[in-house]
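Q: This is the structure, below, for whatever I ask next.
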Amino acid sequence: MKAMSNFTFGESVKILSAGSGSPCHKHAVSELCRILDRLGVKTSVSPTVGRSGIFNVRIFCDADPFPDTPSLNGIFSDGFALHVSSEGIALASSTDKGILNSVYDLAERLGVLFLMPGEDGEWIPEKRKAISIAAGKQLVNPRFKYHGVYWEKLAAEDFTVEEWLRFYAKLRFNAVWHEIGDLALAKELGFRLEVGGHGLAKLLPRELFDREPELFRMFQPEDFGGKRTKDSNFCVINPKTRQIIMDNFAKKLKQMEGAYAVHAFADDLPAGGWCLCPSCRALPPTDQAMLATRYLAETVEKSHLPIRVSIPAYHDTMMPGRQIDAPKEAFLLFAPRERCYGHALGDPSCARNRFYLHALRAWVEKFRGIDDSHAHEYYFDQILFRGLYPFLPGIILEDMKVYAEYGIECYMSLQVAGPAVAPEFNMLVYAKGLWDESLTQDAYIAALSKSVLPESPQVWNKYLSSRARIFTDAMRMCDHNIDIYLDYRWLPETVHPFGREMAKAYSEASKQLTAAVADLESAIQPSWPERVTALLRKESLRAKFEAAELLVMSCQQSALNDFTEFMNTRSADTLRRAISSLEQAISGFEPARAKAVEAGIPANSWYFSNINSWMRGEFKRKIDNYKLFLPSEK
């Protein structure tokens with residue numbers, strides 16, 4: 001009997017494959033051969049018959065007996081078993097997706113780094129040597145049954161749709177929110193597909209308003225004029241509205257067969273948008289939204305399609321209502337967009353996040369007995385983060401513990417825009433954390449640094465550690481008023497000391513990021529591989545853009561602090577100071593824009609079209625308005 005030792009790949013290996021013959025299993029075997037070929041190992045594949053309910057792939061050299069199929073005891077969801085001995089490698093799972101996951105896991109163990117979409121983003125070890133893998137037996141399970149990305153089209157501005165979806169598969173995601181037209185590709189990659197978005201209001205055609213205004217919402221009660229408007233949502237209790245909504249949703253469902261869930265969220269409004277007519281006004285926004293969701297659920301029930309709908313905890317529906325029960329066809333979608341990203345969701349020191357944790361607890365209770373509650377996070381959302389790419393590994397990993405504790409079964413994060421210039425590090429640590437409960441910020445940074453820059457990992461380690469610390473501090477929103485709508489674009493007007501603190505924090509973050517980049521650039525050596533130096537230069541350009549944008553944020557927050565003080569004091573000097581700070585913020589947009597161009601951020605990106613230009617115009621209008629309060633100077 002051979003002693004347990006590492007398995008070393010020869011110039012060629014044989015692969016035995018037992019699976020369902022599905023597109024996903026075929027893709028898994030194809031990817032295994034492709035990756036081994038890139039590593040310099042030739043492959044030959046033979047189909048074989050596996051045990052019932054077990055899909056497996058076995059890899060061995062010509063002279064070796066092939067390894068036994070592992071047991072699946074202890075495997076969860078699309079997890080897998082990995083057994084390595086001197087005889088070969090055995091990968092096994094109860095699902096084809098589990099086999100695909102095991103292939104990408106094996107690739108990473110062999111030194112492959114999935115850094116960005118596309119083949120160029122798939123780093124193969126530069127120095128080729130005998131490829132081996134340590135002997136042992138492992139069961140590898142995800143922490144959440146489903147996990148992945150809610151993906152906006154804007155993320156395709158730098159890579160193709162297919163490149164993005166294939167990259168998500170390499171990161172071992174198994175759920176994606178995208179479009180029904182990509183259902184076939186989703187099946188090949190083993191994704192559970194969710195479709196839709198903010199579409200509830202569209203189910204009631206707006207052109208009906210002129211003939212039947214009673215179908216639409218009343219935005220003031222009758223004793224305040226009782227006016228109706230077609231701007232958003234609808235009169236949720238009107239029976240004819242209900243029937244129209246259900247009829248139109250039924251038509252939509254027929255076009256979405258094969259999707260797991262069809263979302264039809266209420267209008268994306270920070271507050272308001274619901275009905276105050278005599279029938280509706282006793283129901284707060286969350287109960288009106290839940291009643292509308294029940295109409296969608298009834299439609300699903302009548303369709304006999306295996307489709308679910310969602311009820312978002314979001315904006316003015318962040319706390320659950322008390323009147324309307326959740327239907328079994330629906331699931332919770334917890335979307336805490338205005339939370340503080342400078343602290344983990346469960347950090348008791350953060351006043352803002354204590355509110356959102358309380359909301360999560362209440363929603364979980366509301367959905368007790370109904371499965372598949374979703375977390376809808378925002379770690380990759382460049383709208384929320386005003387075009388920045390804040391690196392928040394510690395926050396993400398701590399959040400996972402909270403969501404797991406509260407029974408979240410599907411953990412997903414929204415991606416708007418993509419890493420056109422350098423990796424989306426938040427997505428990479430998120431992907432790792434989904435499979436490794438023990439992962440820490442320091443361990444992740446150390447492992448990534450060694451993979452990217454094995455010659456001098458301490459250089460990358462120092463930079464990424466600084467980046468994480470800088471952005472964790474800069475993304476704090478702890479003590480801003482919970483009642484107002486804000487994000488990292490629309491910083492709040494406040495007289496609270498925290499506003500002054502954050503104005504300084506943004507300025508300090510800009511300085512520290514600039515210093516971190518200078519250290520990174522000075523450490524680059526001409527002997528390093530070109531792909532490494534190119535990556536570091538791209539990262540340095542991105543960080544310079546971010547440092548410039550953080551300076552804008554500092555001036556912006558300083559101005560807003562003084563505008564609020566002026567409202568209390570009517571001090572002309574305070575107002576002049578506020579206007580001057582906001583003018584400095586406007587001036588700062590130009591160098592930030594120039595650095596974004598230099599960094600290679602696409603001209604059609606969200607930053608250029610809806611942050612830099614949009615906010616510049618808003619600031620100018622604000623200045624013009626406040627100048628009217630200044631005393632005329634003779």
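Q: Tell me, what % of the accessible area of the chain is carbon and sulfur with a 1.4 angstrom probe?
A: Ligands and nucleic acids excluded, carbon and sulfur reach 52 percent.
Q: Rounded to the nearest Å, what's the spacing between the alpha carbon centres of segment 93-123 and segment 569-634? Just the number, please.
A: Centre-to-centre distance over Cα atoms comes out at 45 Å.
Q: Search the structure for amide H atoms under 5 Å from the amide H of Cys350, placed 1.01 Å from N in the peptide plane, and list their residues when 5 or more places away or on another chain.
A: Amide H to amide H, under 5 Å and 5 or more residues apart or across chains, Cys350 pairs with nothing.
Q: How long, wide and thick is the chain, going by the Cα atoms along their three principal axes, in whole angstroms, largest first?
A: 95, 65, 40
Q: Determine, for each peptide in 570-577, 357-364, the mean count of other beta carbons within 10 angstrom over its residues, then list the peptides with the highest first.
A: Per-residue mean Cβ counts within 10 Å order the peptides as 357-364, 570-577.
Q: Accessible area per residue for the chain in Å², computed with a 1.4 Å probe and the full protein assembly in place, what is it?
A: Numbers: 25880 Å² over 634 residues.
For the chain, the solvent-accessible area averages 41 Å² per residue.
Q: Accessible surface of Thr569 in the full protein assembly, 1.4 angstrom probe, to the nearest 10 Å²?
A: Rounded to the nearest 10, the figure is 70 Å².
Q: Another one. Nearest 10 degrees, 0 to 90: what angle lies between the long axis of helix 96-109 and the longest principal axis of the chain (Cα atoms)?
A: 80
Q: Another question, then. Could you sort the peptides 380-386, 114-120 by per-residue average Cβ neighbour count (10 Å cutoff), highest mean leading?
A: Order by mean packing, descending: 380-386, 114-120.
Q: On a straight-distance basis, which lysines could pair with Lys595 in a cross-link, Cα separation under 17 angstrom, same-chain partners fewer than 8 positions away excluded?
A: By straight Cα distance, Lys595 reaches Lys511, Lys538, Lys544.
Q: OK, next. Rounded to the nearest 500, what is the chain's calculated 222 nm mean residue ellipticity when only DSSP H runs of at least 4 contribute -39500 (n - 2.57) each, over all residues?
A: Helices in the chain give a 222 nm mean residue ellipticity of -14000 deg cm²/dmol.
Q: Relative contact order for the chain: what percent, with Cα pairs under 8 Å and sequence separation of 6 or more?
A: 10
Q: Using a 1.4 Å probe and counting only protein heavy atoms, arrange Phe619, Phe76 so the residue with the most accessible area comes first.
A: Greatest to least solvent exposure: Phe76, Phe619.
Q: List the lysines whose Cα sits under 30 Å from the Cα of Lys202, skipping any in the same chain fewer than 8 residues away.
A: Lys153, Lys187, Lys227, Lys230, Lys240, Lys251, Lys252, Lys254, Lys302, Lys328, Lys366
Q: Kirkwood hydrodynamic radius of segment 252-327 from all distinct Cα pairs, in Å?
A: Evaluated over segment 252-327, this radius sits at 13.3 Å.
Q: Under 17 Å Cα to Cα from Lys137, which lysines show up? Leave out anything in the same chain fewer than 8 places away.
A: Lys2
Q: Could I ask something else about it? Heavy-atom accessible area of His496 with all protein chains present, probe 1.4 Å, nearest 10 Å²?
A: About 80 Å², rounded to the nearest 10.
The values are calculated or read from the model by the stated rules, or taken from the named source; none is laboratory data. This one's a predicted model, so the numbers in the text were calculated from it and none came from an experiment. In this analysis, Cβ positions are derived from the backbone assuming ideal geometry, glycine residues included, and neighbour counts consider all displayed protein chains. Side chains are part of the model used for accessible areas, which takes the heavy atoms of the whole protein and leaves out ligands, DNA and RNA. Shrake-Rupley method; radii C 1.70, N 1.55, O 1.52, S 1.80 Å.
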